[in-house]
Amino acid sequence: MQELQSGASRSPVLHMGTFEAELHWREHNLAILPALPDREAEKIVTAMDELLFSFCQPGDLLLTRYAIDPAQRDYTRQLGFDFMSNTVHLQPDEAAVRAPIATAAGYGQAASPQRTAKEITHPISVFQLLYDHGSMLADQLPLSGTQLSPFAWVPYIKEASQRFGIHSQHPPLEIVRRVNTKRYSAEIKQRIGLENPGIYVTGTDQLETVGRKLLEHGTFMIKDNYGVSGKGNIHIESPNMLARIAGSIRKQEDKGRNVEFVLERYLDKTRDFSCQFYITEQGDIEIISVQWLANSQFAYRESLSPDADFMDLLERHHYFETMEQISRELYQDGYYGHVCIDSMVLQDGTLEPMVEINARQSMSLIKNNIDQYLRQQGLQGNMTNYTVSHDGSLSHEQLLGELQRTNLLFLPETGQGIFPLTSAALSVNHPSQPDGKKHKGRLYLSVVTDQEETKKYLLRRLEQLLTANNFQILN
């Protein structure tokens, strides 16, 4: 077994993550906003834990649901990322990919028999997979004695940690669950005197009444109390639209589902950005980074590094003092750990310092770690992704080879190029035996350059390469 390369004062860190954490915090019997199901997109999210390689220091462990492609592992090792990872999938066959939604009374309890599995199931947490199947990794990864660093605190962390001797220290899950709701974000805005707090509604009649009042002054958002990244948000632009959405929710309420939504005035923005900070167990705050965000239909699309003028703007508006206020409220309510605050710059130039609280790690925190790696080499990049449809005929190893053959692949000696960040998300929907059909995948990447024109050129060439290899770009 490979020797761990860790200093005497630092225990190896085990990095793991369930990126669909909100689904595991959600009660099973809540009404949902109407949306088209996309099982392939959902499965891609389960493969995003590979992005956590960016947190790894020498001697650390990365345990992912799907084993990292050997070619991708060799590539990241070539870039200097030295960590241990599983070489077999933790995720078993499709028979075990879904489990009951956690209930308010207890995480992982069986769901009500009156509700269909289709309505109330979700992907199994990677920590439940570790609990159930982790023994097969005993000869691969020295889990005992590691310090857990998860993307988010979710059910089965305690059980899996105890079974495999992993150290994990975190707030009670009920507190984690509470502070990640849209209702809690609205409460904090009111507590510290911020404008535009959301209105929490618990019934369809109340939703319609409040919604009609909001429409008198402009459009508004309905947000699922546990919604995330484009899911569970609807922009209401007319009374007719409000009536249609309310009708859908009322049917669920009539069948016994609880209604929990937050209604917020729609804000006309020019830029999304976020702040990442960490609250220690003693209540101290460490500001980690600020990232510009490019979103599409309220969903994450790209992270960029802000310029000095923008950081000066935040200082002038006492933005970081507001972050400290929020951290104090979170700590007072029993939470400590990673936090990402979503914020906006509005069309009139004013700041909306807090849109909502994400009490977990984040895509922007991952981007910050990529920044730190590139900065050590005097380089700069972004983080973005391409959602594609393809038949799986081009392996990840071949994709890396094509990028290198066309001088697109980022390597330390090139100083610029395409830095692929994941492998499994691209192929997770393809069966082990190719069926000749196209399935959805996603390539997460960083474009390493500090020149906007060079970035556009590299992306244009990447798109041409993908198209030439029978990939259809969907975003």
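In segment 436-463, the residues that are more than 23 Å from Ser389 (Cβ to Cβ) reach residues that are open to solvent by less than 40 Å² (accessible area, probe 1.4 Å) and charged (D, E, K, R) with C-beta atoms within less than 7 angstrom, at least six apart or across chains, in these pairs: Thr449/Lys455. Could you grab me the full set of residues in segment 373-401 that are of a type in the set (S, T, N, Q), open to solvent by 20 Å² or more (accessible area, probe 1.4 Å) and part of a loop (DSSP other than H, G, I, E, B)? Of everything in segment 373-401, those that are of a type in the set (S, T, N, Q), open to solvent by 20 Å² or more (accessible area, probe 1.4 Å) and part of a loop (DSSP other than H, G, I, E, B) turn out to be Gln376, Gln377, Gln380, Ser393, Ser395. Of the residues screened, Ile245 is one that is crowded, with 17+ Cβ neighbours inside 10 Å, outside any strand (DSSP E or B) and hydrophobic (A, V, I, L, M, F, W, C). Residue count for segment 21-37 satisfying the condition of being modelled with pLDDT of 90 or more and either of a type in the set (D, E, K, R) or within 27 Å of Leu130 (Cα to Cα) (or both): 7. Under the condition of being among the acidic types (Asp, Glu), assigned to a strand (DSSP E or B), within 28 Å of Pro34 (Cα to Cα) and open to solvent by 30 Å² or more (accessible area, probe 1.4 Å), the residues counted in segment 248-292 number 0.
Quick test of your reading of the structure: His338 fulfils all but one of (1) open to solvent by 40 Å² or more (accessible area, probe 1.4 Å); (2) closer than 14 Å to Val179 by Cα; (3) assigned to a helix (DSSP H, G or I). Name the failing condition by number. Here His338 clears every test but (3).
Working only within segment 192-225, note down all residues that are more than 21 Å from Glu352 (Cα to Cα), of a type outside the set (D, E, K, R) and either part of a loop (DSSP other than H, G, I, E, B) or touching a strand residue (DSSP E or B) at 6+ places or on another chain (Cβ under 8 Å) (or both). Reasoning before the result, please.
Initial filter on segment 192-225 (more than 21 Å from Glu352 (Cα to Cα)): 201-213, 216.
Within this subset, residues satisfying the condition of being of a type outside the set (D, E, K, R) are 201-204, 206-207, 209-211.
If the condition is that a residue be more than 21 Å from Glu352 (Cα to Cα), of a type outside the set (D, E, K, R) and either part of a loop (DSSP other than H, G, I, E, B) or touching a strand residue (DSSP E or B) at 6+ places or on another chain (Cβ under 8 Å) (or both), then Val201, Thr202, Gly203, Leu207, Val210, Gly211 are the ones that fit.
When you check Gly334 against the structure, is it of a type outside the set (Ser, Thr, Tyr), without any contact (Cβ under 8 Å) to a residue 12 or more places away in the chain and on the phi > 0 side of the Ramachandran plot, yes or no? It would help to see each step written out before you state the result.
Details: of a type outside the set (Ser, Thr, Tyr): yes; without any contact (Cβ under 8 Å) to a residue 12 or more places away in the chain: no; on the phi > 0 side of the Ramachandran plot: yes.
Spelling it out, it is not the case that Gly334 is of a type outside the set (Ser, Thr, Tyr), without any contact (Cβ under 8 Å) to a residue 12 or more places away in the chain and on the phi > 0 side of the Ramachandran plot.
Just one of (1) open to solvent by 10 Å² or more (accessible area, probe 1.4 Å); (2) within 24 Å of Trp25 (Cβ to Cβ) fails for Ile326. It is (1). Quick check, is Ser303 under 29 Å from Lys440 (Cβ atoms), buried (at least 18 other Cβ atoms within 10 Å of the Cβ) and modelled with pLDDT under 95? Criteria met by Ser303. Condition check for Ile166 on (1) open to solvent by 40 Å² or more (accessible area, probe 1.4 Å); (2) in contact (Cβ under 8 Å) with a residue 12 or more places away in the chain; (3) touching a helix residue (DSSP H, G or I) at 6+ places or on another chain (Cβ under 9 Å): one failure, at (1).
Against the definition (under 18 Å from Ser395 (Cα atoms) and not β-branched (Val, Ile, Thr)), how does Leu459 come out, yes or no? No. Only one entry in Glu237, Glu216 is open to solvent by 10 Å² or more (accessible area, probe 1.4 Å), under 29 Å from Phe273 (Cα atoms) and without any contact (Cβ under 8 Å) to a residue 12 or more places away in the chain, namely Glu216. Looking across segment 346-372, the residues that are assigned to a helix (DSSP H, G or I) and either closer than 20 Å to Leu443 by Cα or open to solvent by less than 10 Å² (accessible area, probe 1.4 Å) (or both) come down to Met363, Ser364, Leu365, Ile366, Lys367, Asn368, Asn369, Ile370, Asp371.
Of all residues in segment 402-418, how many are assigned to a loop (DSSP other than H, G, I, E, B) and more than 29 Å from the chain's Cα centre (by Cα)?
Of segment 402-418, the ones assigned to a loop (DSSP other than H, G, I, E, B) are 406-408, 410-416.
Then keep just the ones that are more than 29 Å from the chain's Cα centre (by Cα); that gives 406-407, 413-414.
Count: 4.
If the condition is being open to solvent by 100 Å² or more (accessible area, probe 1.4 Å) and farther than 17 Å from Ser395 by Cα, then segment 431-450 contributes only Asp450.
When you scan segment 120-127, do you find a residue that is at pLDDT below 85, among the hydrophobic types (A, V, I, L, M, F, W, C) and open to solvent by 60 Å² or more (accessible area, probe 1.4 Å), even just one? Please lay out each step first, then the result.
We begin by selecting, within segment 120-127, every residue at pLDDT below 85; these are 120-123.
Right, trim to among the hydrophobic types (A, V, I, L, M, F, W, C) and you get 120.
Now restrict to residues that are open to solvent by 60 Å² or more (accessible area, probe 1.4 Å): none.
No, that holds for no residue.
The values are calculated or read from the model by the stated rules, or taken from the named source; none is laboratory data. In this text, all values refer to a predicted model and were calculated from it rather than measured experimentally. All Cβ positions, glycine included, derive from the backbone under ideal geometry; neighbour counts span all protein chains shown. The accessibility values were calculated without ligands, DNA or RNA, using every heavy atom of the protein model including side chains. Shrake-Rupley method; radii C 1.70, N 1.55, O 1.52, S 1.80 Å.
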